[in-house]
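Enquirer: Here it is, the structure, as structure tokens.
No value in this document is a laboratory result; all are computed from the given coordinates. What you see is a predicted model, and the numbers here were worked out from it, not measured in a lab. All Cβ positions, glycine included, derive from the backbone under ideal geometry; neighbour counts span all protein chains shown.
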Amino acid sequence: MSLDRSDVEKIAHLARLQIDEADIPEYAENLSNILDLVNQMQACDTAAIEPLAHPTEAVQRLRVDEVTESNQRDNLQSVAPMVEDGLFQVPKVIE
Amino acid sequence: MFDKTLAELAKGLDTGEYSSVELTEAYLARINKEDGAFNSFITITDEQALNQAKAADERRATGDATAFTGLPIAHKDIFCTQGVRTSCGSKMLDNFISPYNATVIEKFNQAGAVSLGKTNMDEFAMGSSNESSFYGPVKNPWDTDRVPGGSSGGSAAAVAARLAPAATGTDTGGSIRQPAALCGITGIKPTYGRVSRFGMIAFASSLDQGGPMTRTAEDAAMMLNVMAGFDKHDSTSLQTDTPDFSADLNQPLKGLKIGLPKEYFPENLNPAIAARVQAAIKEYEALGAITKEVSLPNTSLAVPSYYIIAPAEASSNLSRFDGVRYGYRCQNPKDLEDLYKRSRGEGFGAEVKRRIMVGTYALSEGFYDAYYKKAQQIRRLIKQDFVNALEEVDVIMGPTTPEPAFRIGEKTSDPIDMYMEDIFTLSLNLAGLPGMSIPCGQVTAEDKSLPVGLQIIGNYFAEQKLLNVAHMFQQATDWHLSVPPSVVAESK
């Protein structure tokens, strides 16, 4: 399994990660080696095996639909990089 | 004082030999003086610790104390701690003062424990050497040229260097057990779901589990008695009874059936490690245990399936770090996409980026069946191996790691080499089983003694059994009492 420059650029875009141009060859090599490692899985026949998502196969717990949390907006926004009038600020998205 | 276990320190508090304030002041002074050599703490919380200690002494005076009231411990910097920086070892969260407490922190607060500070760790718990931390590598107290293991390397080094009597850790693929082995301390990863994950910054949610890192099994039981229990805030929290983990520590081991998986003693296992582990098993036979060879035939598939499941879950979990709501934000973003990409690109280190990209690739359109689904199918095979083996035996034993502590920088150039460090530990996370590492001997490398860990694996919910098996070994041997030579010298 060998990933090239454009594969790494595509993956980095999907992950919304900026990667330094100079680091792309190393990422390509590392990721290719990791994919070689994980591809050892393909030698195992798993056609009849059910996937296991939770170790003890627990299912989602449900609760009564009632309000249990108080509004903590100010507390939680105290760690935000940029806030105005209780709203998170981001660069303009609509021209 | 610094050589006492939690249980011994609790007695000293009970008898009034010292107050919690005196104990806390002594540990804070020692951390501030000695930790420069180890870098095991990211944040030392002097002021909060002394306030907690004062409150603990007052609580003891009113007769309202728990077994833990006034005992100082350290917390891995992955547990959100209200009013304290919670960095997860990352530049991304270097400015993050948590607005709330993790359930684990809340439980220790309720018990009256004192938090000395937050310990160093691999960035977002991704690593086996503590070298991926934004705050620099942690040094192993047994040889400061070597790694302490990871990702809970700061917790392990702090306990080994007697900078804290105990610490919390988390284990996604071995991150409690491997550093415990490399630093010569005791660590237990409980059954998945035993300890709440609420406020424990997520790496791979179906694998992550918090647990104690201590000097003895007795102390680990004390810690787990505080940490464990159902939590409605964690959707995967176990809804089973929480036993008294200290209750069965002294059960005799006569007739205990120990399974030895042939896959955990491969031909290329370091012979000095194999010898120490075999000697420990002989000790168990002397205590009345019987051994039996078992097989975990899918062991070789554990690393490949883990390195799909863990990165896939990480890529999803770490998408929350977007530079908008909390954490690092890049300067002067030109648009929203630039804000996301540069905040994440500048905020995350190389190993975190690698794992996000592996996970993103595995979950991208067209690859789901070949990677994530395949890995989950293999996960069932690995679980079934353990279920089969544990029908024949009570516990499974083997080495925790294939090698003793390696040199800082030795494995950083090759991620795969680093991943193989967890070959004996990460199967348990895939299966969700509890596992422990206890010190079982030392090997010599370049004139330095390095600790060896014995891994003890039990059935689901069998933490009491593991702690009993570990405690009885520690009653019969003294490996857990060994102090790193440099630490002894510095204590004088």
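Enquirer: Can you give the average number of partner chain beta-carbon atoms within 10 Å of each beta-carbon in peptide B:290-302, as a whole number?
Expert: Working: counts 0, 0, 0, 0, 0, 0, 0, 0, 1, 0, 3, 5, 0.
Mean partner-chain Cβ count within 10 Å for B:290-302: 1.
Enquirer: Still on this structure, I have one more. Tell me, A:Val93, B:Val352, B:Val393, B:Val443 in order of fewest to most beta-carbon neighbours within 10 Å? Don't skip to the answer; put the middle values down first.
Expert: Details: A:Val93 8, B:Val352 29, B:Val393 23, B:Val443 18.
Least crowded to most crowded, the residues run A:Val93, B:Val443, B:Val393, B:Val352.
Enquirer: Right, something else. Quick check for me: using +1 on Lys/Arg Cβ and -1 on Asp/Glu Cβ, what's the dipole size of the range B:173-261 about its Cα centre, in debye to the nearest 20?
Expert: Working: 8 positive and 8 negative charges, 59 e Å.
It comes to approximately 280 debye.
Enquirer: How far apart, in nm, are the 7 Å Cα→Cβ label points at B:Arg320 and B:Ala370?
Expert: With each label point 7 Å from Cα toward Cβ, the separation is 3.2 nm.
Enquirer: Oh, and also: Please report the Cα spread of the range B:300-375 along all three principal axes, rounded to whole Å, starting with the longest.
Expert: Sorted from largest, the Cα extents of the range B:300-375 read 46, 23, 18 Å.
Enquirer: On to the next question. Hey, got the average number of other protein chain Cβ atoms within 10 angstrom for residues in B:346-357?
Expert: Numbers: counts 2, 1, 3, 0, 5, 1, 1, 8, 5, 1, 6, 13.
Partner Cβ neighbours, averaged per residue: 4.
Enquirer: Moving on. Sort out for me the Cα centre separation of the range B:133-193 from the range A:24-87, rounded to whole Å.
Expert: One Cα centre to the other: 25 Å.
Enquirer: Where does the Debye-calculated log10 I(q)/I(0) of chain A sit at q = 0.11, 0.12, 0.20, 0.23 Å⁻¹, using only Cα point scatterers of equal weight, no solvent?
Expert: -0.81, -0.90, -1.00, -1.14
Enquirer: What nm value, rounded to one decimal, do you get for the distance between B:Asp3 and B:Ala61 when each label is placed 7 Å out toward the C-beta?
Expert: 3.3
Enquirer: Can I ask one more? To the nearest Å, what is the center-to-center distance of the range B:204-233 and the range B:336-410, using C-alpha atoms only?
Expert: Centre-to-centre (Cα) distance: 22 Å.
Enquirer: For the range B:436-492 and the range B:79-110, what is the separation of their C-alpha centers, rounded to whole Å?
Expert: Using only Cα atoms to place each centre, the spacing works out to 29 Å.
Enquirer: Pull out the extension gain between A:Gln77 and A:Val59, defined as 0.36 nm times the separation in residues minus the alpha carbon to alpha carbon distance; nm, one decimal. Provide the component values of the computation, followed by the final result.
Expert: Numbers: separation 18, 0.36 × 18 = 6.48 nm, distance 3.26 nm.
Taking 0.36 nm per residue and subtracting the Cα distance, the gain is 3.2 nm.
Enquirer: Another question, then. Hey, can you grab everything whose amide H is under 5 Å from the amide H of B:Thr291? Only 5+ residues off in sequence or another chain; H modelled, so Pro and N-termini drop out.
Expert: Those qualifying (amide H under 5 Å, at least 5 residues apart or on another chain) are B:Ile258.
Enquirer: Can you put A:Ser78, B:Ser237, B:Ser343, B:Ser364 in order of Cβ neighbours within 10 angstrom, beginning with the fewest? List each step's numbers first, then the result.
Expert: On the way: A:Ser78 12, B:Ser237 21, B:Ser343 25, B:Ser364 15.
Ordered by Cβ neighbours within 10 Å, fewest first: A:Ser78, B:Ser364, B:Ser237, B:Ser343.
Enquirer: Mind checking the log10 I(q)/I(0) for the range B:384-492 at q = 0.11 Å⁻¹? Debye, one equal scatterer per Cα, no solvent, two decimals.
Expert: -0.46
Enquirer: Then there is this: Can you give me the P(r) profile for the range B:62-206? Cα pairs, bins 10 angstrom wide beginning at 0, each as a whole percent.
Expert: 13, 44, 35, 7, 1
Enquirer: Quick one: what Rg and Dmax do you get for the range B:48-108 from the alpha carbons, in Å?
Expert: 13.6, 44
Enquirer: Continuing with this model, one more query. Under a Cβ-Cβ cut-off of 13 Å, what is the net charge of the residues other than B:Ala53 that fall near it, where Lys and Arg count +1 and Asp and Glu count -1? Intermediate values should be presented prior to the final figure.
Expert: Details: positive: B:Lys54, B:Arg59, B:Arg60; negative: B:Glu22, B:Glu25, B:Asp46, B:Glu47, B:Asp57, B:Glu58.
So the environment of B:Ala53 carries a net charge of -3.
Enquirer: Moving to a separate point now. Using DSSP to define loop residues, name the trypsin sites (Lys or Arg not before Pro) in the range B:322-406 whose beta-carbon has at most 10 other beta-carbon atoms within 10 Å.
Expert: Passing sites in the range B:322-406 are B:Lys334.
Enquirer: Also: Give a quick list of trypsin sites (Lys or Arg not before Pro) in the range B:184-271 that DSSP marks as loop, anything other than H, G, I, E or B, with at most 11 other Cβ atoms within 10 Å. Before the final figure, lay out the partial values.
Expert: Working: sites: B:Arg194, B:Arg197, B:Arg215, B:Lys232, B:Lys254, B:Lys257, B:Lys262; in loops: B:Arg194, B:Arg197, B:Arg215, B:Lys232, B:Lys254.
In loop regions of the range B:184-271 (DSSP not H, G, I, E or B), the sparsely surrounded trypsin sites (Lys or Arg not before Pro) are B:Lys254.
Enquirer: Past 29 Å, Cα to Cα: identify those pairs from B:Lys4/B:Lys189; B:Lys334/B:Lys373; B:Lys54/B:Lys118; B:Lys232/B:Lys383; B:Lys4/B:Lys54; B:Lys76/B:Lys448, in the order given. Spell out each step's value before the answer.
Expert: Values: B:Lys4/B:Lys189 23 Å; B:Lys334/B:Lys373 38 Å; B:Lys54/B:Lys118 20 Å; B:Lys232/B:Lys383 26 Å; B:Lys4/B:Lys54 21 Å; B:Lys76/B:Lys448 27 Å.
Beyond 29 Å: B:Lys334/B:Lys373.
Enquirer: Still on this model: According to the Kirkwood expression over distinct Cα-Cα pairs, how big is the hydrodynamic radius of the protein assembly as shown, in Å?
Expert: Details: mean 1/r = 0.0414 Å⁻¹.
Result for the protein assembly as shown stands at 24.1 Å.
Enquirer: Please rank B:Lys448, B:Lys189, B:Lys282, B:Lys118, fewest neighbouring Cβ atoms within 10 Å first, as an exposure proxy. Please list the in-between numbers first.
Expert: On the way: B:Lys448 19, B:Lys189 34, B:Lys282 11, B:Lys118 28.
Result, fewest neighbours first: B:Lys282, B:Lys448, B:Lys118, B:Lys189.
Enquirer: With no solvent and one point on each alpha carbon, what is the Debye value of log10 I(q)/I(0) for chain B at q = 0.07, 0.08, 0.12, 0.14 Å⁻¹?
Expert: Evaluating at q = 0.07, 0.08, 0.12, 0.14 Å⁻¹ gives log10 I(q)/I(0) of -0.33, -0.43, -1.01, -1.41.
Enquirer: A:Asp20 label point, 7 Å along Cα→Cβ, cut-off 17 Å on backbone N: hits in the range B:409-429?
Expert: Residues passing the 17 Å test: B:413.
Enquirer: So which GluC sites (Glu not before Pro) in the range B:1-108 are both in a DSSP loop and have at most 15 other Cβ atoms within 10 Å of their Cβ? Could you put the intermediate results ahead of the total?
Expert: Values: sites: B:Glu8, B:Glu17, B:Glu22, B:Glu25, B:Glu34, B:Glu47, B:Glu58, B:Glu106; in loops: B:Glu17.
Taking the range B:1-108 and a limit of 15 other Cβ atoms within 10 Å, the loop GluC sites (Glu not before Pro) found are B:Glu17.
Enquirer: Pop the C-beta distance of B:Glu392 and A:Gln89 into the FRET formula with R0 = 51 Å and round what comes out to the nearest 0.05. List each step's numbers first, then the result.
Expert: Working: r = 61 Å, r/R0 = 1.20.
Rounded to the nearest 0.05, the efficiency is 0.25.
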